[in-house]
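The values are calculated or read from the model by the stated rules, or taken from the named source; none is laboratory data. This one's a predicted model, so the numbers in the text were calculated from it and none came from an experiment. As a convention, Cβ positions derive from the backbone with ideal geometry for all residues, glycine included, and neighbour counts pool all protein chains shown.
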Amino acid sequence: MSEQHPQHSGETITIYKVRPTEPAAVVAVTNPSQHPDGKLDDRHSAYHDNISPPLAWTSVPDVRAWAVIVEDPDAPQAQPFVHWMIWNIPPQVIELPEGVPNGPIVGALGGAVQGRNGRHGYGWFGPRPPAGHGLHHYYFQVFALSEMIEMGPDTELKELLNALKASTIASGEMAATYEAPTSQ
C-alpha cells in the first residue's frame, strides 16, 4: 500500500452532521467481507465486480426504519464522494446481503429506496480511487430512524441529510479502505 496521503474533499461525512436523539444508543456496524487490515475485498470495487458488500449492524429500541450512506472523504473534489445511499430499510432488517441489486427501489428489502451515487446511478458504486492517489477511506454510516423518510430516489444527499437530522434516533459507522490496483 502507498504511504501517500490523498487530498481530502474538505467536507465532513454525513454522520458528523447528524445528532441522534438517543446519543447513548450506538449502532455497531460490521462488514463480514472486510479483510483484517481494513481493506474492502476487490469484488466490491468498481475496478472489479462492483457488487455491494454485506453489511450488518446492531438494533436499537424504537427504530422504524434504517438508512445507510457510504462516503469517501478522500475523493479529490469539494464534497465526499457518495458510494451508496439507501433508506427506508425495514426495522427488522439488521443486515444487507452482498450484491444488493442496483435500482431505485429494492423490493427484496421491503421497498427500500436507493438514491443516486456519485456516478449518478441508483445503488452501490464501488471504490475506484484514482491511480496513484493513495489509500482511500470508505465510511459505512448506519442511521436508526424514528420514521420512514418520504423522499424518492432522486433525493440529493443534502435533502436526505435534513430528513436524517429530523428522525435519527441512533447511528454508527465503520471504515474500510481501498487503493487503486497497480496493474490498472
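Any chance segment 135-147 includes a residue that's without any contact (Cβ under 8 Å) to a residue 60 or more places away in the chain and either within 16 Å of Met85 (Cα to Cα) or out of contact with any Lys or Arg (no Cβ under 6 Å at 6 or more places or on another chain) (or both)? Checked segment 135-147: no residue is without any contact (Cβ under 8 Å) to a residue 60 or more places away in the chain and either within 16 Å of Met85 (Cα to Cα) or out of contact with any Lys or Arg (no Cβ under 6 Å at 6 or more places or on another chain) (or both). Give the residue, chosen from Ala67, Ala75, Ala46, that is assigned to a strand (DSSP E or B) and under 18 Å from the mean Cα position of the chain (by Cα). Step by step, each of Ala67, Ala75, Ala46 is checked, and only Ala67 is assigned to a strand (DSSP E or B) and under 18 Å from the mean Cα position of the chain (by Cα). Just one of the listed residues (Gly103, Gly132) is part of a loop (DSSP other than H, G, I, E, B), on the phi > 0 side of the Ramachandran plot, exposed (fewer than 15 other Cβ atoms within 10 Å of the Cβ) and at pLDDT 95 or above, and it is Gly103. Checking the stated criteria, Ala112 turns out to be in contact with a strand residue (DSSP E or B) (Cβ under 7 Å, 6 or more places away or on another chain) and among the aliphatic types (A, V, I, L, M). Only residues that are more than 17 Å from Ala46 (Cβ to Cβ) and part of a strand (DSSP E or B) were counted in segment 78-94, giving 4. On the stretch given as segment 115-124, residues that are in a loop (DSSP other than H, G, I, E, B) and either surrounded by 18 or more Cβ atoms within 10 Å (Cβ to Cβ) or in contact with a strand residue (DSSP E or B) (Cβ under 8 Å, 6 or more places away or on another chain) (or both) total 5.
Please specify each residue of segment 70-93 satisfying the condition of being under 23 Å from Lys17 (Cα atoms) and of a type in the set (Val, Ile, Thr). Val70, Val82, Ile86, Ile89 - these are the residues of segment 70-93 that are under 23 Å from Lys17 (Cα atoms) and of a type in the set (Val, Ile, Thr). Would you check which residues across segment 148-183 are more than 13 Å from Val113 (Cβ to Cβ), out of contact with any Lys or Arg (no Cβ under 9 Å at 6 or more places or on another chain) and surrounded by fewer than 16 Cβ atoms within 10 Å (Cβ to Cβ) and list them? Across segment 148-183, the qualifying residues are Lys158, Asn162, Ala166, Ala175, Pro181, Thr182, Ser183. If you filter segment 55-85 down to residues that are in contact with a helix residue (DSSP H, G or I) (Cβ under 7 Å, 6 or more places away or on another chain) and among the β-branched types (Val, Ile, Thr), you find that the one that is surrounded by the fewest Cβ atoms within 10 Å (Cβ to Cβ) is Val82.
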